[in-house]
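Please treat every number below as a calculation from the coordinates, not as lab data. As the structure is a prediction and not an experimental result, all values here were calculated from the model. With ideal geometry, Cβ positions are generated from the backbone for all residues, glycine too; neighbour counts draw on all protein chains shown.
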Amino acid sequence: MNINDWLQAARQRLDALDARLLLQHVTGLSRTELICRPETPLTSAQLDCLETLATRRQAGEPLAYLVGEAGFRGRSFQVSPAVLVPRPETEELVDLALDKLRELAVRAPRVLDLGTGSGAIPISLALEYPAAQVSAVDVSPAALAVARANGAALQAPVRWLESDWFAALGDERFDLIVSNPPYIHAEDPHLAGDGLCFEPRLALTDGADGLACIRAIVADAAAHLEPGGWLLFEHGWDQGPASRNLLTLAGFKAVQTWQDLAGHDRISGGRTPSPQDAHP
Ligand code: GLN
């Protein structure tokens with residue numbers, strides 16, 4: 001069987017993009033090579049491997065886990081089932097964080113990412129805002145190992161720490177804190193469906209009402225921010241009002257929610273009071 005035969009047969013059960021990406025992964029050929037050399041024969045080992053991967057894909061496993069990588073802001077990140085697959089919405093969190101860093105205009109701003117997973121957020125920030133001093137924490141050693149490997153492969157200077165939110169940070173302060181915490185309600189039926197059932201539960205749900213981690217982060221963030229420092233975090237489409245309420249109660253200023261490209265509330269944040277607030 002050659003490449004073309006396999007692609008034709010795969011149409012019955014996979015979408016065309018998934019089929020092509022699995023084929024690239026197994027043969028090591030580029031997209032162009034696949035197109036230019038459709039007659040290339042597949043070995044029986046390659047066919048066995050493709051069969052296994054196609055079956056897993058059909059069962060709903062995210063393609064990123066099957067090929068071991070996912071794209072985020074134009075870079076390739078290694079992923080494993082120890083980490084959430086980076087999402088396009090989270091690219092918008094990075095954009096917003098970059099805006100805030102430019103606004104703050106601190107010479108070497110200190111940045112912290114809480115619950116870093118694959119490390120996609122802090123690595124992107126370190127590479128796209130080179131003056132920043134970026135730290136990232138995760139409670140899962142397995143996730144941190146993936147993040148560290150990504151940092152090394154992409155040559156991003158990030159300090160990695162194993163920590164349950166702020167626990168290992170002592171009294172360190174930052175200019176910007178970002179997070180994509182677990183925010184899905186424990187009883188949300190989506191957790192059992194789509195590809196989500198293959199991803200780490202710890203990265204998706206707080207095991208409670210979906211706001212437990214956000215509450216914990218908002219409660220402790222101000223003590224780890226410089227005056228005028230920003231906290232930005234991702235949340236579910238229906239968690240904007242609750243997030244703004246928590247931020248306001250915790251004393252944050254300029255509290256705001258931003259929508260994702262689909263128009264859903266997706267990121268909320270605010271900054272700590274600064275001397276300017278007293279003299280407007
Ligand atoms: N946005 C993700 C999803 O719905 C969830 C990410 C998270 O819990 N942090 O698939």
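Among the residues of segment 42-61, those that are surrounded by fewer than 17 Cβ atoms within 10 Å (Cβ to Cβ) and either in contact (Cβ under 8 Å) with a residue 40 or more places away in the chain or assigned to a helix (DSSP H, G or I) (or both) comprise SER44, ALA45, LEU47, ASP48, CYS49, GLU51, THR52, THR55, ARG56, GLN58, GLY60. With respect to the stated conditions, ARG244 fails to be in contact with a helix residue (DSSP H, G or I) (Cβ under 6 Å, 6 or more places away or on another chain), more than 18 Å from GLU89 (Cα to Cα) and basic (Lys, Arg). On inspection, GLY195 qualifies as within 28 Å of ARG75 (Cα to Cα), within 16 Å of the ligand (Cβ to nearest atom), small (Gly, Ala, Ser) and surrounded by fewer than 18 Cβ atoms within 10 Å (Cβ to Cβ). Let me spell it out: the conditions are (1) within 16 Å of the ligand (Cβ to nearest atom); (2) in a helix (DSSP H, G or I); (3) over 22 Å from ASP260 (Cα atoms), and ASN150 meets all of them except one. Which number is the exception? For ASN150, the exception is condition (1).
Considering only residues in segment 98-135 that are in a strand (DSSP E or B) and within 15 Å of the ligand (Cβ to nearest atom), the one that is surrounded by the fewest Cβ atoms within 10 Å (Cβ to Cβ) turns out to be LEU114.
Residues that are among the charged types (D, E, K, R) and within 14 Å of the chain's Cα centre (by Cα) within segment 83-132 comprise ARG87, GLU89, GLU91, GLU92, ASP95, ASP113, listed in sequence order. Taking GLY71 and the conditions (1) closer than 19 Å to ALA221 by Cα; (2) assigned to a strand (DSSP E or B), which numbered condition does it fall short on, given that it satisfies the others? Evaluating GLY71 over (1) closer than 19 Å to ALA221 by Cα; (2) assigned to a strand (DSSP E or B) leaves (1) as the failure. Within segment 251-274, identify whether any single residue is within 17 Å of CYS213 (Cα to Cα), assigned to a helix (DSSP H, G or I) and out of contact with any helix residue (DSSP H, G or I) (no Cβ under 6 Å at 6 or more places or on another chain), and answer yes or no. No, that holds for no residue. Among the residues of segment 182-202, those that are assigned to a helix (DSSP H, G or I) and touching a Ser or Thr at 6+ places or on another chain (Cβ under 8 Å) comprise LEU191, LEU202.
Condition check ((1) under 23 Å from LEU169 (Cα atoms); (2) surrounded by 15 or more Cβ atoms within 10 Å (Cβ to Cβ); (3) within 22 Å of the chain's Cα centre (by Cα)) across all residues:
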{"site": "CYS213", "(1), (2), (3)": "yes, yes, yes"}
{"site": "ALA223", "(1), (2), (3)": "yes, no, no"}
{"site": "TRP230", "(1), (2), (3)": "yes, yes, yes"}
{"site": "GLU234", "(1), (2), (3)": "yes, yes, yes"}
{"site": "TRP237", "(1), (2), (3)": "no, no, yes"}
{"site": "PRO241", "(1), (2), (3)": "no, no, no"}
{"site": "VAL255", "(1), (2), (3)": "no, yes, no"}
{"site": "PRO275", "(1), (2), (3)": "no, no, no"}
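Among residues of segment 175-186 that are over 14 Å from ASP220 (Cβ atoms), those with a Cβ under 9 angstrom from a residue that is of a type in the set (Phe, Trp, Tyr) and more than 9 Å from the ligand (Cβ to nearest atom), sequence gap 6+ or separate chain, pair up as ASP175/TRP230; LEU176/TRP230; VAL178/TRP230; VAL178/PHE233; ASN180/PHE233; TYR183/PHE233. The sole residue among ARG201, ARG244 that is basic (Lys, Arg) and within 15 Å of the ligand (Cβ to nearest atom) is ARG201. Quick one: is ALA186 more than 16 Å from the ligand (Cβ to nearest atom), surrounded by fewer than 24 Cβ atoms within 10 Å (Cβ to Cβ) and not acidic (Asp, Glu)? No. Looking across segment 62-92 at every residue that is in contact with an Asp or Glu (Cβ under 7 Å, 6 or more places away or on another chain) and either among the polar types (S, T, N, Q) or without any contact (Cβ under 8 Å) to a residue 24 or more places away in the chain (or both), the one that is surrounded by the most Cβ atoms within 10 Å (Cβ to Cβ) is identified as THR90. Scan segment 94-118 for residues that are in contact (Cβ under 8 Å) with a residue 12 or more places away in the chain and of a type in the set (Asp, Glu) and the total you get is 1.
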